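Participant: Questions regarding the structure given below will be posed in turn.
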Amino acid sequence: DGEVQIRVSAKQFEWSGIYPGPDRALGTSDDLIVPTEIHVPVGQVINMTLVSEDVIHSFFVPELRLKQDIVPGRAIPAWFEATKVGRYELGCAELCGLAHYRMRGVLVVEPVRDYLAWLSEKQAELGADT
């Protein structure tokens with residue numbers, strides 16, 4: 001349907017992208033968890049659910065004018081559509097602890113074909129690990 005569903009988890013001091021597994025549903029045992037990198041296809045609506053495992057964090061990608069606070073115990077919906085392929089720094093814009101400066105990740109916006117290949121490769125790795 002042209003939309004991508006992902007869950008982004010924040011914890012001191014790391015971001016993780018959580019993608020539906022082969023069953024195409026988030027929140028099930030086959031979810032794919034990828035630390036530090038969040039991959040998305042260009043030109044598609046990305047629906048995110050933002051969660052924190054510990055303290056208040058703030059999902060921040062300046063190039064996309066995207067900033068959203070994340071509060072523990074809440075599932076915060078957010079969405080965006082990236083129109084340009086690239087690698088963008090994902091930072092935490094909330095002082096979340098002594099090692100806050102280390103809480104960096106990357107948002108990888110790539111052509112749909114490359115995104116699907118990456119997702120398939122990660123799912124195959126997950127299958128090999130189980």
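Just so it is clear, none of the values below were taken in a lab; they were calculated from the coordinates. Bear in mind that the values here come from a model prediction, so they are computed numbers and not experimental data. When we count neighbours, we look across all protein chains shown, and the Cβ atoms used for this are built from the backbone with ideal geometry, even at glycine.
Participant: Identify which of Ser52, Ser16, Ser120 has the largest mean-square fluctuation in a Gaussian network model of the chain, with springs joining Cα atoms closer than 10 Å.
Facilitator: Ser120
Participant: Also, quick follow-up: What FRET efficiency comes out for Lys67 versus Glu3 if R0 is 25 angstrom and r is the Cβ-Cβ distance? Round to the nearest 0.05.
Facilitator: On the way: r = 21 Å, r/R0 = 0.85.
FRET efficiency, Lys67 to Glu3: 0.75.
Participant: At a temperature of 25 °C and a viscosity of 0.890 mPa s, determine how fast the chain diffuses translationally according to Stokes-Einstein, using the Kirkwood radius over alpha-carbon pairs as Rh; express D in µm²/s, rounded to the nearest whole number. Walk me through the numbers before you get to the answer.
Facilitator: Details: Rh = 14.9 Å.
Estimated diffusion coefficient is 165 µm²/s.
Participant: For the chain, which span is the longest to avoid every loop-located (per DSSP) member of trypsin sites (Lys or Arg not before Pro) having at most 13 other Cβ atoms inside 10 Å? Please list the in-between numbers first.
Facilitator: Details: sites that count: Arg24, Arg65, Arg74, Lys84.
Longest site-free region, per DSSP loop and neighbour criteria: 85-130.
Participant: A follow-up question, please. Expressed in nm to one decimal, what extension gain is obtained for the pair Thr36 and Tyr101 from 0.36 nm per residue of sequence separation less their Cα-Cα distance?
Facilitator: 22.0 nm
Participant: Separate question: Taking the Cα centre of the chain as origin, sum charge times position over the Cβ atoms of Lys and Arg (+1) and Asp and Glu (-1), and report the length of that vector in debye to the nearest 20.
Facilitator: 380
Participant: So if I take the centroid of the Cα atoms in the range 31-83 and the same for the range 89-111, what is the distance between those two points in Å?
Facilitator: Each part reduced to its Cα centre gives a spacing of 11 Å.
Participant: Only Cα pairs within less than 10 Å get springs; with that Gaussian network setup on the chain, which residue of His57, His39, His100 has the largest fluctuation?
Facilitator: The residue with the greatest mean-square fluctuation here is His100.
Participant: Continuing with this model, one more query. Considering only DSSP beta bridges where both residues belong to the chain, give the percentage that are antiparallel (nearest 5). Before the final figure, lay out the partial values.
Facilitator: On the way: 27 of 40 bridges.
Of those bridges, close to 70 percent are antiparallel.
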